[in-house]
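To start, the structure itself, in structure tokens.
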Protein chains: 2
Amino acid sequence: MQSDCKLCPFNTRATSMLSEESFGQLSDNHLELKFKKGDTIIKQGMFSTNVVFLRRGLAKIHLNGPYHEQIVRLVKAPTYLGLPTTFGDKVNQYSVTAVTETEVCYIDVHIFQKILNENREFSNEIIIELCQNELESFRRCANRTQKQIRGNMADVLIEFAEKIFQSDSFTLPVSQSELANLVDTSRESVSRVLGEFDKDGLISLEGKRIEILNKKSLRLISQNG
Amino acid sequence: MQSDCKLCPFNTRATSMLSEESFGQLSDNHLELKFKKGDTIIKQGMFSTNVVFLRRGLAKIHLNGPYHEQIVRLVKAPTYLGLPTTFGDKVNQYSVTAVTETEVCYIDVHIFQKILNENREFSNEIIIELCQNELESFRRCANRTQKQIRGNMADVLIEFAEKIFQSDSFTLPVSQSELANLVDTSRESVSRVLGEFDKDGLISLEGKRIEILNKKSLRLISQNG
DNA sequence: TAATTATTGTGATGCATATCACAAAATAAT
DNA sequence: ATTATTTTGTGATATGCATCACAATAATTA
């Protein structure tokens with residue numbers, strides 16, 4: 001219930017297709033919230049009544065697996081977080097936690113539904129986003145189970161560089177044990193593999209600071225599993 | 001370019017919301033095809049220009065992984081097959097192959113897009129379907145990597161019984177090596193685990209014929225990994 | 001600045017399961 | 001029917017990686 005959504009600097013390609021009227025409805029029916037690192041944005045098992053839009057920051061989507069947490073993926077603003085849950089199920093099937101400081105908008109489902117109905121272009125964009133996510137899920141699923149640790153670690157590093165930070169040097173946004181949950185391995189293995197990559201000159205590793213030195217070789221490792 | 005879609009006995013909840021006019025457009029712009037067991041319906045890597053609707057039969061969605069085929073899941077009619085690809089990407093990111101004799105409709109993307117735009121209820125249903133699939137992907141992803149073989153095998157058997165055949169006794173629609181690709185394990189392990197389940201009285205196994213005798217215990221195994 | 005607490009590095013050990021190897025059935029082809 | 005081919009069962013062996021254990025370092029908090 002705050003600022004004018006039309007003026008929001010975090011508008012996406014999808015929202016740019018909204019009508020004046022829809023923007024007004026959005027502005028009147030959303031709630032802006034800030035989260036600190038580690039805060040829970042969406043909690044698995046809780047009832048879901050809002051569409052959640054991550055407008056600034058980094059978040060992790062994770063599941064409370066039978067044994068340990070599993071991080072499904074890291075997502076970067078701008079993106080919708082609660083879509084699959086809000087439309088597919090009433091109860092959140094996963095948790096979302098802030099990895100950096102984060103800004104989030106909560107939008108009432110009914111209003112969002114109404115806006116979807118009244119804006120064809122917008123709903124098309126949403127369908128496309130969902131489709132792309134599903135394809136991405138397929139890819140992940142296939143990779144993680146078939147490759148082995150070095151391959152998956154290589155993938156994650158490349159993904160960080162290309163999708164999240166858009167730079168070959170970055171600071172790991174998560175601890176090694178979180179990285180382990182993301183790659184489906186143990187904390188110890190993450191440490192060992194990062195050490196190997198460093199020793200072999202594929203990356204330079206200084207604390208949480210990483211620079212990718214040989215992306216070609218990393219890609220090769222990714223392919224060979 | 002054949003029968004009247006409105007009279008198709010395989011209409012779904014989504015299609016039931018189409019207007020007369022849209023049904024007409026569908027009827028004039030779709031192609032019905034039959035496939036035999038083992039035939040390729042969608043081929044990974046090929047250009048995609050159609051939405052594909054599986055109206056009868058069973059199909060497997062699979063990826064050409066780096067080493068061996070990975071079956072992402074078995075799907076049962078009625079369902080859309082090519083949606084994520086057609087909207088998320090121009091190139092098929094996965095293959096779909098007929099597991100039983102199968103009937104499929106190919107619908108031109110542009111017509112489908114048009115119908116989506118002109119039928120709110122329909123496009124809402126499609127969004128819901130996509131969301132549910134994404135949640136399902138999450139669940140699978142989490143399970144397969146965290147549980148171990150016996151757990152995943154138990155899951156697949158329960159899924160076959162409940163989602164695919166709606167009966168506790170059924171004939172396995174795929175070979176053990178395909179089952180292995182679905183569960184992410186080796187053919188030998190599938191054979192061993194099925195043998196164990198049989199010996200322990202959880203299922204009765206006669207060739208490809210399976211009857212689930214103790215679903216409760218299977219569920220327990222599924223949870224303990 | 002000291003004291004706690006969380007994170008990371010690294011060896012030693014164990015285990016689940018892949019892989020190999022080959023026989024036995026079952027299916028399909030001739 | 002007979003042969004060829006695919007599918008299945010089962011032991012023996014190999015191995016990638018989790019787990020355990022503990023030291024070293026870094027990051028918080030007092």
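The values are calculated or read from the model by the stated rules, or taken from the named source; none is laboratory data. Please read all numbers here as calculations on a predicted model, not as lab measurements. No Cβ is skipped: glycine too gets one built from the backbone with ideal geometry, and neighbour counts run over all protein chains shown. Protein only, heavy atoms only, side chains kept; ligands, DNA and RNA dropped before computing areas. Shrake-Rupley method; radii C 1.70, N 1.55, O 1.52, S 1.80 Å.
Name the residue, out of B:Gln132, B:Gln146, that is within 14 Å of DNA strand D (Cβ to nearest atom) and within 14 Å of chain A (Cβ to nearest Cβ). Lay out the reasoning, then the answer.
Numbers: B:Gln132 fails: within 14 Å of DNA strand D (Cβ to nearest atom).
Sole residue among the options that is within 14 Å of DNA strand D (Cβ to nearest atom) and within 14 Å of chain A (Cβ to nearest Cβ): B:Gln146.
Does B:Ser204 meet the test of being surrounded by fewer than 16 Cβ atoms within 10 Å (Cβ to Cβ), over 17 Å from B:Leu74 (Cα atoms), within 13 Å of DNA strand D (Cβ to nearest atom) and among the polar types (S, T, N, Q)?
Values: surrounded by fewer than 16 Cβ atoms within 10 Å (Cβ to Cβ): yes; over 17 Å from B:Leu74 (Cα atoms): yes; within 13 Å of DNA strand D (Cβ to nearest atom): yes; among the polar types (S, T, N, Q): yes.
Answer is yes for this residue.
Condition first: in contact with a helix residue (DSSP H, G or I) (Cβ under 6 Å, 6 or more places away or on another chain) and either within 21 Å of A:Lys6 (Cβ to Cβ) or not assigned by TED's automatic domain parsing to the domain that holds A:Gly38 (or both). Can you find one or more residues in segment A:123-137 that meet it?
Checked segment A:123-137: at least one residue is in contact with a helix residue (DSSP H, G or I) (Cβ under 6 Å, 6 or more places away or on another chain) and either within 21 Å of A:Lys6 (Cβ to Cβ) or not assigned by TED's automatic domain parsing to the domain that holds A:Gly38 (or both).
For segment A:43-62, how many residues are in a strand (DSSP E or B) and touching a residue at least 40 places away in the same chain (Cβ under 8 Å)? Talk me through it step by step, then tell me what you get.
So the first thing to find is which residues in segment A:43-62 are in a strand (DSSP E or B), and the list is A:47, A:50-56, A:58-62.
Okay, now just the ones that are also touching a residue at least 40 places away in the same chain (Cβ under 8 Å), so A:47, A:50-56, A:58-60, A:62.
So the answer is 12.
If B:Lys163 meets every condition in (1) in a helix (DSSP H, G or I); (2) more than 9 Å from DNA strand D (Cβ to nearest atom); (3) open to solvent by less than 50 Å² (accessible area, probe 1.4 Å) apart from one, which number is that one?
If we test B:Lys163 against (1) in a helix (DSSP H, G or I); (2) more than 9 Å from DNA strand D (Cβ to nearest atom); (3) open to solvent by less than 50 Å² (accessible area, probe 1.4 Å), just (3) comes out false.
Whether any residue in segment A:157-175 is on the phi < 0 side of the Ramachandran plot, modelled with pLDDT of 95 or more and within 14 Å of another protein chain (Cβ to nearest Cβ) is what I want to check.
no
Residue-by-condition table, conditions (1) small (Gly, Ala, Ser); (2) surrounded by 13 or more Cβ atoms within 10 Å (Cβ to Cβ); (3) not in a helix (DSSP H, G or I):
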| position | (1), (2), (3) |
| --- | --- |
| A:Ser3 | yes, no, yes |
| A:Lys6 | no, yes, no |
| A:Ser27 | yes, yes, no |
| A:Lys34 | no, no, yes |
| A:Lys37 | no, yes, yes |
| A:Ile41 | no, yes, yes |
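Those residues that are open to solvent by 30 Å² or more (accessible area, probe 1.4 Å), more than 8 Å from every other protein chain (Cβ to nearest Cβ) and either more than 17 Å from A:Asp39 (Cα to Cα) or away from DNA strand D (no atom under 16 Å from the Cβ) (or both), I need them from segment A:65-79; list them, please. Outline the logic, then answer.
Here is the first cut: in segment A:65-79, the residues open to solvent by 30 Å² or more (accessible area, probe 1.4 Å) are A:66-69, A:76, A:78.
Checking which are more than 8 Å from every other protein chain (Cβ to nearest Cβ) leaves us with A:69, A:76, A:78.
Matches in segment A:65-79: A:Lys76, A:Pro78.
Has segment A:210-225 got at least one residue that is open to solvent by 70 Å² or more (accessible area, probe 1.4 Å) and under 30 Å from A:Leu26 (Cα atoms)? Give the steps one after another, and end with the answer.
Initial filter on segment A:210-225 (open to solvent by 70 Å² or more (accessible area, probe 1.4 Å)): A:211, A:213, A:216, A:219-220, A:223-224.
Subset that is under 30 Å from A:Leu26 (Cα atoms): none.
No, that holds for no residue.
Looking only at residues that are loosely packed, with under 15 Cβ neighbours inside 10 Å and part of a loop (DSSP other than H, G, I, E, B) in segment B:181-201, which one is farthest from DNA strand D (Cβ to nearest atom)?
It comes out as B:Gly201.
Could you please find all residues in segment B:1-21 being out of contact with any Cys (no Cβ under 9 Å at 6 or more places or on another chain) and not aliphatic (A, V, I, L, M)?
Passing the criteria: B:Gln2, B:Ser3, B:Asp4, B:Lys6, B:Pro9, B:Thr12, B:Arg13, B:Ser16, B:Ser19, B:Glu20, B:Glu21.
Just to verify a result, which residue in segment B:113-144, among those that are open to solvent by 30 Å² or more (accessible area, probe 1.4 Å) and over 21 Å from the mean Cα position of the chain (by Cα), is nearest to A:Glu134 (Cα to Cα)?
Filtering segment B:113-144 for residues that are open to solvent by 30 Å² or more (accessible area, probe 1.4 Å) and over 21 Å from the mean Cα position of the chain (by Cα), the one nearest to A:Glu134 (Cα to Cα) comes out as B:Gln113.
Across segment A:81-110, which residue is nearest to A:Asp28 (Cα to Cα) among those that are among the charged types (D, E, K, R), away from chain B (no Cβ under 12 Å) and open to solvent by 40 Å² or more (accessible area, probe 1.4 Å)? Walk me through it before giving the result.
Narrowing segment A:81-110 to residues among the charged types (D, E, K, R): A:89-90, A:101, A:103, A:108.
Keeping just the survivors that are away from chain B (no Cβ under 12 Å) gives A:101, A:103, A:108.
Next, from what is left, pick out any that are open to solvent by 40 Å² or more (accessible area, probe 1.4 Å): A:101, A:108.
On the way: A:Glu101: 25, A:Asp108: 10 Å.
It comes out as A:Asp108.
Does B:Arg140 satisfy being at the interface with another protein chain (Cβ under 9 Å from one of its Cβ atoms) and closer than 27 Å to A:Gln148 by Cβ?
For B:Arg140, the condition - at the interface with another protein chain (Cβ under 9 Å from one of its Cβ atoms) and closer than 27 Å to A:Gln148 by Cβ - is met.
Can you name the number of the only condition in (1) open to solvent by 40 Å² or more (accessible area, probe 1.4 Å); (2) free of Cβ contacts under 8 Å to residues at least 60 places away in the same chain; (3) within 11 Å of DNA strand D (Cβ to nearest atom) that B:Glu178 fails?
(2)
Could you tell me which residue of segment B:162-189 is farthest from the chain's Cα centre (by Cα), considering only residues that are β-branched (Val, Ile, Thr) and within 12 Å of DNA strand C (Cβ to nearest atom)?
For segment B:162-189, the residue satisfying everything is B:Thr185.
For segment A:23-40, what are the residues that are touching a residue at least 24 places away in the same chain (Cβ under 8 Å) and within 21 Å of A:His110 (Cβ to Cβ)? Spell out how you get there, then give the answer.
Of the residues in segment A:23-40, the ones touching a residue at least 24 places away in the same chain (Cβ under 8 Å) are A:25-40.
Listed by number, the residues that qualify are A:Gln25, A:Leu26, A:Ser27, A:Asp28, A:Asn29, A:His30, A:Leu31, A:Glu32, A:Leu33.
Can you tell me which residues in segment A:12-22 are in contact (Cβ under 8 Å) with a residue 12 or more places away in the chain and polar (S, T, N, Q)?
Within segment A:12-22, A:Thr12, A:Thr15, A:Ser19, A:Ser22 qualify.
For B:Glu178, only one of the following conditions fails: (1) in the same structural domain as B:Phe10 (by TED's automatic domain parsing); (2) assigned to a helix (DSSP H, G or I). What is its number?
(1)
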